[in-house]
Amino acid sequence: MEKLILLAMAGGAGALSRYGLAGLVHRFAGGGFPAGTFVVNMIGSLLFGLIWGILDQRAILGPQARVIILTGFMGAFTTFSTFMFETATLLRDGQWLPAVLNIAGQNMVGLALLFTGLALARLVP
């Protein structure tokens, strides 16, 4: 139960951090391009890689702490970092085709499903 509470707290902190940073960037960048989301996703990818690398190389935290930090905080901060992590793992393991399919699939299918969801939303009375 303690792990779930810590995971939820880390997720809340990640979501609040995302909201705050994206809003700050949007305020300065203006509209037109989703700069807030872009910045959050890029920072999230950098931080996920940095944290993952440090934890992997130095083994300074146990598996539970890793899940709380990487899945809880970083997962809520940006799901893009998890997508990059999974793709990087495939590439590192020499699984090029699954990596390419993951990149193309998540982007193309994700965008198609987003538009499908928008279309379905118009059908709701």
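The values are calculated or read from the model by the stated rules, or taken from the named source; none is laboratory data. Being a predicted model, the structure only gives us computed values, none of them experimental. Note: ideal-geometry Cβ built from the backbone for every residue, glycine included; neighbour counts use all protein chains shown.
Quick notes on this structure:
- The range 90-113 - residue that is under 19 Å from residue 79 (Cα atoms) and either of a type in the set (Gly, Ala, Ser) or loosely packed, with under 10 Cβ neighbours inside 10 Å (or both) and, of those, farthest from the chain's Cα centre (by Cα): 112
- Candidate set from the range 11-40 (those that are of a type in the set (A, V, I, L, M, F, W, C) and surrounded by fewer than 12 Cβ atoms within 10 Å (Cβ to Cβ)); member that is nearest to residue 86 (Cα to Cα): 33
- On inspection, residue 57 does not qualify as in contact (Cβ under 8 Å) with a residue 12 or more places away in the chain and exposed (fewer than 14 other Cβ atoms within 10 Å of the Cβ).
- Qualifying residue in the range 18-32 (condition: in contact with a Pro (Cβ under 9 Å, 6 or more places away or on another chain) and either farther than 27 Å from residue 6 by Cα or in a helix (DSSP H, G or I) (or both)): yes
- Close contacts from the range 91-102, counting a first residue that is at negative phi and among the small types (Gly, Ala, Ser) and a second that is assigned to a loop (DSSP other than H, G, I, E, B) and surrounded by 13 or more Cβ atoms within 10 Å (Cβ to Cβ), with Cβ to Cβ under 6 Å and a gap of 6+ residues or different chains, come to none at all.
- Residue check, residue 87 without any contact (Cβ under 8 Å) to a residue 40 or more places away in the chain and under 15 Å from residue 15 (Cα atoms): no
- Cβ-Cβ distances below 6 Å connect the following pairs, each with a first residue in the range 6-19 that is among the hydroxyl-bearing types (Ser, Thr, Tyr), a second residue that is buried (at least 16 other Cβ atoms within 10 Å of the Cβ) and part of a helix (DSSP H, G or I), and a separation of six or more residues or different chains: 17/77.
- Taken over the range 34-82, the residue count meeting the criterion of being assigned to a loop (DSSP other than H, G, I, E, B), β-branched (Val, Ile, Thr) and over 23 Å from residue 106 (Cβ atoms) is 1.
- Members of the range 41-71 found to be over 18 Å from residue 87 (Cβ atoms) and either among the β-branched types (Val, Ile, Thr) or at pLDDT below 85 (or both), listed by number: 54, 55, 57, 58, 59, 60, 61, 67, 68, 69
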